[in-house]
Amino acid sequence: MLLVDIVLPGLVLGGMYALIALGLTLQYGVARIMNLSYGESLVAAAFGAFSLYSGLGLSPLAALLLAVPVAMVVNWLLYRFLLERLMRRSKDRGAQEIDSILVTFGVLFVIQGAMLVAFGGQYYSYSYLSIPLTIMGSTLAVNRLVALLFAALVGGAVYLALTRTRIGTAVRAIAVDANAARLVGIDVAALSGLAFAFGGGLVAVGGVLVSMFLTFNAAMGVIFTMKALVVVIMGGVGNVMGALVAGLLLGVVETAVARLVDPGLTLAATYALFLGVLLIRPTGLFGRAAS
Amino acid sequence: MTGPKRALLWCAGLALAAATVTYPLYANGYYLALGISVLYFTILATAWAMFSGPTRYISLATVAFFGLGAYTAAVLGETMPWPVVLLAAAGVGAFTAAITGLSTLRLSGIYFVIFSFGLAELIRQLVIWYEVNIHKSVGRYLFSAVTQDILYWQLLGLTAIVFLVGWLLGRSRYGLALRAIGADETAASHSGIDATRVKLGVFILSATFMAVTGAVMAPRWTYIDPAIAFNPTISFQVVIMALLGGAGSLFGPVLGVIPLVLLFEVLSATLPNHFSIVLGLIFVLIVMVLPNGVIGLFGTGRWRVPTGGPVAARAGTSDAPLLAVEGVSKSFSGLRAVDDVSFKVAPGEIVGIIGPNGSGKTTLLNTLSGALKPSSGTIRFGGIVLNGLRAHQIARLGLARTFQLVRVMPDLTVAENVAAAQLFSTSNGSSATASELLDLVGLGTVHAAPAGDLTYIDQKRLELARALALQPRLVLLDEWLAGLNPSELETGIALIAKLRDRGFTIIMVEHVMDAIRALCGHCIVMNAGCVIARGGPDEVLSDPKVVAAYLGDDDA
Amino acid sequence: MFSANRRTLLRATGLVAAVLGALASTAEAQEKIRIGYAISKTGPYAGGAGITTLPNYELWVKDVNAAGGIKLGDKKLPIEVVEYDDRSSSEEAVKAIERLANQDKVDFILSPWGTGLNLAVGPTLNRLGYPHLAVTSVTDKAPELAKRWSNATFWLGTSAQISQALADLLGKLRSEGKIGANIAMVSIADQFGIELSAAGREAFKKHGFTLAYDKTYPMGTQDLQPLVKDAIASNPDAFVAFSYPPDTIALTEQAQLLKFNPKIFYVGVGTAFPLYKGKFAANSEGVMGIGGWNADSPRLKDYLARHKAATGKEPDRWASSITYASLQVLQQAIEKVGKLDRAAVAAEIRSGTFDTIIGKVKLKDGLLQEVWSVGQWQNGEFYALAPASLSGARTPVVPKAQWQ
């Protein structure tokens, strides 16, 4: 059935988009770091998974146990020793955004350079869980399904953590107004650092999982950065549910256009959808109204 | 500066200018190529900062216009004379910017950033689709005899034009208007600035330069395909260079372009394999030690402020009401914040609007000043129906306001804040200059300070001066006296009384009843969106309905 | 005015800084042959340059220097390398060429990777009079370009040649009754994919094939399953994809998942990469793609071993060996001319006959004519199948075995 055959693969593709965007919702939406090196971190995690798999035969799913804590520590250090100073230095959010764009642009080059030295510019790819699974007549790859599953689980868990726990509430307060949060006794620097580190952990999840089915090289980071930004912005900054919905929506639309209209127009269609959403809702699907 | 010294500087300047113009005659091919890189990024970064600097809309759409220009040159380059090609590229750039600008400029912050990126990608995808399906070939070949010398001079000419235009723009009222919009768009609109049109105009201007640059560069590469023409790293490089140099001033971007182009060059030569890492580290370091961009090292030059717009109360003398509000209502998805309100204000009168918090006072003011559109009812101001007019149009008619939560434009100086409101004044009457107004509100001594540095009360004064600079016939004061200590309150009341004596008509929303008693001849009391009483201050304040509204129904 | 002066001043000081930075070394009395290149180490082209071009430049320099250098008259001069990163940008590539020629004063310049960059630097190399070995540019304009730029040579054939050879091969298989008339074709929306698919469309029709499915997809598409599904629905005998490496991998993966087993499975750039064999292992068996080489040739076997030893990786089976061969041609041309006369060397490259790892090379009108267009993985090696007229062409294995 064509409908199922569009919706299911679309959701799977969208799950990947949502997955690579989750970390950015925390890093940008909460910690207020517009992280241009986001995609490079993702590719670095992919390289990590590749090395562990081809070198030690370690399954990418097991690699998560290693990659995520490492990424969290690295990102926390990055925040603590670099970004926090910038956040303290700038008075308003606009200046913080500009500073974070500039400094993460530098970080982008550092990560990319390190990957080039280690792996060169070639493409890398390996096969893991590349097994067909037929659901309601539509054949899907297990590795891509795993990514969708993780997107839903991790997204849901982060959403619950943000809305149901004390720390989560404090983190959301920072996202809304860092100064006001400070006034009510929230340790903004510590929690922002935590959110950034946690976002870094989610980037690692995304990188490790997409490495199972995408071909990547050291120069590809910017593609992921931009895709993640589009998803985050379309969903509404700082809104995890928004990112999930936006990612899934983009996936379904892309698949539908490929099957029903013309595969040549898929990317044009997704950008048109994105621009259209912003024109109707200038702060994204689930965004707060602009003040 | 002494005469000889100045002459020496001029001589040095002319010599350097001559050296720049004759550069291709003595530089070898490589230095010429380096010069070309510097020039083409200078044009792009300066054009970018022309719009994005003052407004702080970080645009990633640079390459969309650059690429369209390059494609225009590739399509027309071999059939049309070169000046026609450049004009066509300018036209394509301006046209695309006009269309996209209309839809995008209402977004703000990061939403605009990513939108502009999405826009560049969408244009690229559409160009690809067109080329694949209609032209049946994506790559375009452009064989031309353009040598590096000619390319350099073309770019140099374009650089001169972009600086000239930028300089003129900075001196014109549009330059200040643009900065006012960047500082606080709402305040700017209520100061009579047509934010949309100013932004759109400068956006188009900036895009035109980018498109022409693309057209000039295209023949150098022989082969143009979407990946080359719409290479997104160009957008990023331009943003980084402009921000690094300092996007807030005309010559800031070039100070970012030169060091970065050279840095890229030196690093890629000395460390081809570790280029990225070293570049990244140096970049991080630069950002950490240069918080205000390279231009910050030189101290930011203040922009020229157009001085003088005449200012006065244009008090009417007739007895016809200046403002007539008839049956105005405003609902927010079912909630009627203002419900069928009618009243009139005669020239020279001070009308007080009072009522408990949440009774719809500020919403009413917002419908008057154009911040909100009334759901129903009519507002006439000096005989003109205000319904449907936008904030800046209403401001230009002579209806000025202050805000409950004070809104000054923090990066502009005190004097510039006032000057911004005089930019698009349509009246010819004159009796007060900006400095007189600042004296009037007691800010005469701090006119050069950034407005953001003022104390709360001084910001309120400034807001009032800015409102008066519109030469208003009617001033709306929204809790202007709130938060003042007793002695400040006294000064404040005296100031409003002084305005009344000068013939200004005023509507004030206020909780300070002493002020209402002292100043207002007539009061309107609102509760839950409705007018529940009207009359003299003492009369309404003793009305049982008003007492009940303030103290709660149970006690009535 | 004042600020304009400051700008000029800054530029002048900047140039001084650049000179200081660039004070690497200037050629002294001819003790060495200086060879420079700018290659995409970063950016979107890094993937292609990193497998096909850069390793072969490095290998060749190593091989030549190990043998004592390039013979010039009666002495051998070792090669000294100057290398830059063009960051996948046309403008950077042009600037780097100017730099190599004017600052580093290199004796010869090796070409960048890819059609776009080779065409961007074409006019500059032509003006400066350097031989231009535009190996990795595949364009139908190649004959015209070779006429326009007498210093330039093209080595991978034109798009039309590649598609023609594929169509001829399929046509022959059809006349032998091995496959039917239905072809499903997908192509990437880039100049390469468009030229190949356009030429293919015509050539397939000439051979009486029906294009049951014919679509393009944009670069950067993350999920190609929809295309594969629609291709399956058209029930083709042959599946032809003019794709780039990431898509080549993704298309193969999707075909396996969907148990899509056409008699001919042909995918584009990347099929000839060792990555492909590494990833799909036994499943690569029978897959066809662009390129191919005569893997039984002892010279290529030797080249494969040296490549592996020097760079730690195997070369791709399409442009790598040709890149290396083009460098051998350059070396032999220099040695034949006997001095560093670039014009003479360029002319010699076009007119001479050379002995290389891919056999005897003789260009015609600046183009290498004998180029393998279709290859197939057979027993873990990517053998050349077409054009069948070339010596060493293997017999295709059809139908391809089912995916495992």
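Only one residue in A:ALA190, A:ALA175, A:ALA181, A:ALA195 is crowded, with 16+ Cβ neighbours inside 10 Å, without any contact (Cβ under 8 Å) to a residue 12 or more places away in the chain and more than 14 Å from chain C (Cβ to nearest Cβ). Which one? Can you show your working first?
Values: A:ALA190 fails: crowded, with 16+ Cβ neighbours inside 10 Å; A:ALA175 fails: without any contact (Cβ under 8 Å) to a residue 12 or more places away in the chain; A:ALA195 fails: without any contact (Cβ under 8 Å) to a residue 12 or more places away in the chain.
Unique residue meeting the criteria: A:ALA181.
Across region A:41-85, which residue is surrounded by the most Cβ atoms within 10 Å (Cβ to Cβ) among those that are farther than 30 Å from A:ALA181 by Cβ and within 14 Å of chain B (Cβ to nearest Cβ)? By that ranking, first place goes to A:VAL43.
Of the numbered criteria (1) within 28 Å of B:PHE275 (Cβ to Cβ); (2) at pLDDT 90 or above; (3) under 19 Å from the mean Cα position of the chain (by Cα), the one A:LEU65 fails is (1). Evaluation of C:VAL106 against the conditions (1) in a loop (DSSP other than H, G, I, E, B); (2) hydrophobic (A, V, I, L, M, F, W, C); (3) under 21 Å from the mean Cα position of the chain (by Cα) shows that the sole unmet condition is (3).
Filtered by the rule that a residue be part of a helix (DSSP H, G or I) and either touching a Ser or Thr at 6+ places or on another chain (Cβ under 7 Å) or more than 8 Å from every other protein chain (Cβ to nearest Cβ) (or both), region B:234-255 gives B:ILE234, B:SER235, B:GLN237, B:VAL238, B:MET241, B:ALA242, B:GLY245, B:GLY252, B:PRO253, B:VAL254. Does any residue of region C:219-234 turn out to be among the hydroxyl-bearing types (Ser, Thr, Tyr) and surrounded by 24 or more Cβ atoms within 10 Å (Cβ to Cβ)? Checking region C:219-234: not a single residue is among the hydroxyl-bearing types (Ser, Thr, Tyr) and surrounded by 24 or more Cβ atoms within 10 Å (Cβ to Cβ).
Of the residues that make up region B:186-207, is at least one part of a helix (DSSP H, G or I) and within 24 Å of B:THR79 (Cβ to Cβ)? No, the conditions are met nowhere in region B:186-207.
Does region A:86-121 hold any residues that are farther than 28 Å from A:PHE216 by Cβ and either buried (at least 18 other Cβ atoms within 10 Å of the Cβ) or more than 7 Å from chain B (Cβ to nearest Cβ) (or both), and which are they? First the steps, then the outcome.
Of all residues in region A:86-121, those farther than 28 Å from A:PHE216 by Cβ come to A:86-99.
Selection gives A:LEU86, A:MET87, A:ARG88, A:SER90, A:LYS91, A:ASP92, A:ARG93, A:ALA95, A:GLN96, A:GLU97, A:ILE98, A:ASP99.
Condition first: more than 26 Å from A:LEU145 (Cβ to Cβ) and within 14 Å of the chain's Cα centre (by Cα). Can you find one or more residues in region A:4-19 that meet it? No. For first residues located in region B:256-271 and facing another protein chain (nearest Cβ under 7 Å) and touching a residue at least 60 places away in the same chain (Cβ under 8 Å), partners that are among the basic types (Lys, Arg) and not in a loop (DSSP other than H, G, I, E, B) and lie 6+ apart or on another chain with Cβ distances below 7 Å form the pairs B:ILE258/C:ARG11. Within region C:203-224, restricting attention to residues that are within 12 Å of another protein chain (Cβ to nearest Cβ), out of contact with any strand residue (DSSP E or B) (no Cβ under 9 Å at 6 or more places or on another chain) and not polar (S, T, N, Q), the residue that is farthest from A:ALA258 (Cα to Cα) is C:GLY220. On the stretch given as region B:284-342, residues that are part of a loop (DSSP other than H, G, I, E, B) and either modelled with pLDDT of 80 or more or of a type outside the set (D, E, K, R) (or both) total 26.
Scanning region C:102-114 for residues that are at the interface with chain B (Cβ under 7 Å from one of its Cβ atoms) and touching a residue at least 40 places away in the same chain (Cβ under 8 Å) turns up just one, C:GLN103.
Looking at region C:56-91 only, could you name the residues that are within 14 Å of chain B (Cβ to nearest Cβ) and either among the hydrophobic types (A, V, I, L, M, F, W, C) or in a helix (DSSP H, G or I) (or both)? The answer is C:TYR57, C:GLU58, C:VAL81, C:VAL82, C:SER90, C:GLU91.
Taking the conditions exactly as written (in contact (Cβ under 8 Å) with a residue 24 or more places away in the chain, within 12 Å of chain A (Cβ to nearest Cβ) and over 27 Å from B:GLU121 (Cα atoms)), does B:ILE282 satisfy them or not? So that I can check it myself, show each step before the final result.
Values: in contact (Cβ under 8 Å) with a residue 24 or more places away in the chain: no; within 12 Å of chain A (Cβ to nearest Cβ): yes; over 27 Å from B:GLU121 (Cα atoms): yes.
No; evaluated as a whole, the condition is false for this residue.
For region C:245-280, enumerate the residues that are surrounded by fewer than 23 Cβ atoms within 10 Å (Cβ to Cβ) and away from chain A (no Cβ under 11 Å). Once the filter is applied, which keeps residues that are surrounded by fewer than 23 Cβ atoms within 10 Å (Cβ to Cβ) and away from chain A (no Cβ under 11 Å), region C:245-280 yields C:ASN261, C:PRO262, C:LYS263, C:LYS277.
Considering only residues that are within 23 Å of C:GLU314 (Cα to Cα) and out of contact with any strand residue (DSSP E or B) (no Cβ under 9 Å at 6 or more places or on another chain), which ones fall in region C:379-404? Spell out the reasoning first.
At the first step, the residues of region C:379-404 found to be within 23 Å of C:GLU314 (Cα to Cα) are C:379-386, C:392-394.
Answer for region C:379-404, where residues must be within 23 Å of C:GLU314 (Cα to Cα) and out of contact with any strand residue (DSSP E or B) (no Cβ under 9 Å at 6 or more places or on another chain): C:ASN379, C:GLY380.
Looking only at residues in region C:137-168 that are outside any helix (DSSP H, G or I) and of a type in the set (D, E, K, R), the one that is nearest to C:ALA346 (Cα to Cα) is C:LYS141.
Within region A:70-112, work out how many residues are of a type in the set (Gly, Ala, Ser) and at pLDDT below 85. Full working, then the answer.
Step one: of region A:70-112, the residues of a type in the set (Gly, Ala, Ser) are A:71, A:90, A:94-95, A:100, A:106.
Restricting the remaining residues to those that are at pLDDT below 85 gives A:90, A:94-95, A:100.
Qualifying residue count for the region: 4.
Within region C:236-248, identify whether any single residue is farther than 16 Å from C:GLY289 by Cβ and not charged (D, E, K, R), and answer yes or no. If you could, list the steps in order and put the result at the bottom.
First, the residues of region C:236-248 that are farther than 16 Å from C:GLY289 by Cβ: C:236-237.
Cutting the leftovers down to not charged (D, E, K, R) gives us C:236.
Yes, there is a match, as at least one residue in region C:236-248 is farther than 16 Å from C:GLY289 by Cβ and not charged (D, E, K, R).
B:SER137 falls short on exactly one of the conditions (1) within 14 Å of chain C (Cβ to nearest Cβ); (2) among the polar types (S, T, N, Q); (3) buried (at least 23 other Cβ atoms within 10 Å of the Cβ), and that condition is (3). Kindly evaluate B:ASP184 against the criterion of being buried (at least 19 other Cβ atoms within 10 Å of the Cβ) and at pLDDT 85 or above. Here the answer is no, as B:ASP184 does not meet what is asked. Residues in region B:35-49 that are more than 10 Å from every other protein chain (Cβ to nearest Cβ) and not small (Gly, Ala, Ser) were compared, and the one that is nearest to B:LEU60 (Cα to Cα) is B:TRP48. Among the residues of region C:336-359, how many are over 19 Å from the mean Cα position of the chain (by Cα) and outside any helix (DSSP H, G or I)? Residues meeting the conditions: 8.
Within region A:22-39, does at least one residue satisfy the condition of being touching a Leu at 6+ places or on another chain (Cβ under 6 Å), within 13 Å of chain B (Cβ to nearest Cβ) and farther than 28 Å from A:GLU254 by Cα? Show your work before the answer.
Going through region A:22-39, the residues touching a Leu at 6+ places or on another chain (Cβ under 6 Å) turn out to be A:22-23, A:33, A:36-38.
Of the ones still in play, those that are also within 13 Å of chain B (Cβ to nearest Cβ) are A:33, A:36-38.
Add one more test, that the residue is farther than 28 Å from A:GLU254 by Cα, and what stays is A:33.
There is at least one residue in region A:22-39 that is touching a Leu at 6+ places or on another chain (Cβ under 6 Å), within 13 Å of chain B (Cβ to nearest Cβ) and farther than 28 Å from A:GLU254 by Cα.
Select from region B:364-388 the residues that are buried (at least 19 other Cβ atoms within 10 Å of the Cβ) and either under 25 Å from the mean Cα position of the chain (by Cα) or over 30 Å from B:LYS199 (Cβ atoms) (or both) and list them in ascending order.
The first filter runs over region B:364-388 and keeps only residues buried (at least 19 other Cβ atoms within 10 Å of the Cβ), leaving B:364-370, B:374, B:379, B:381-382, B:386.
Hits for region B:364-388 are B:LEU365, B:ASN366, B:THR367, B:LEU368, B:SER369, B:GLY370, B:LEU386.
This table checks each residue for (1) among the polar types (S, T, N, Q); (2) buried (at least 19 other Cβ atoms within 10 Å of the Cβ); (3) within 14 Å of another protein chain (Cβ to nearest Cβ).
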position	(1), (2), (3)
C:SER243	yes, yes, yes
C:GLU285	no, no, no
C:MET288	no, yes, no
C:LEU300	no, yes, no
C:ARG306	no, no, no
C:GLU314	no, no, yes
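Looking for something at pLDDT 90 or above, surrounded by fewer than 21 Cβ atoms within 10 Å (Cβ to Cβ) and of a type outside the set (Gly, Ala, Ser) - is there at least one such residue anywhere in region C:42-58? Yes, region C:42-58 contains at least one residue that is at pLDDT 90 or above, surrounded by fewer than 21 Cβ atoms within 10 Å (Cβ to Cβ) and of a type outside the set (Gly, Ala, Ser).
The values are calculated or read from the model by the stated rules, or taken from the named source; none is laboratory data. Computed from a predicted structure; not experimentally measured. Glycine gets a Cβ as well: all are built from the backbone with ideal geometry, and neighbour counts include every protein chain shown.
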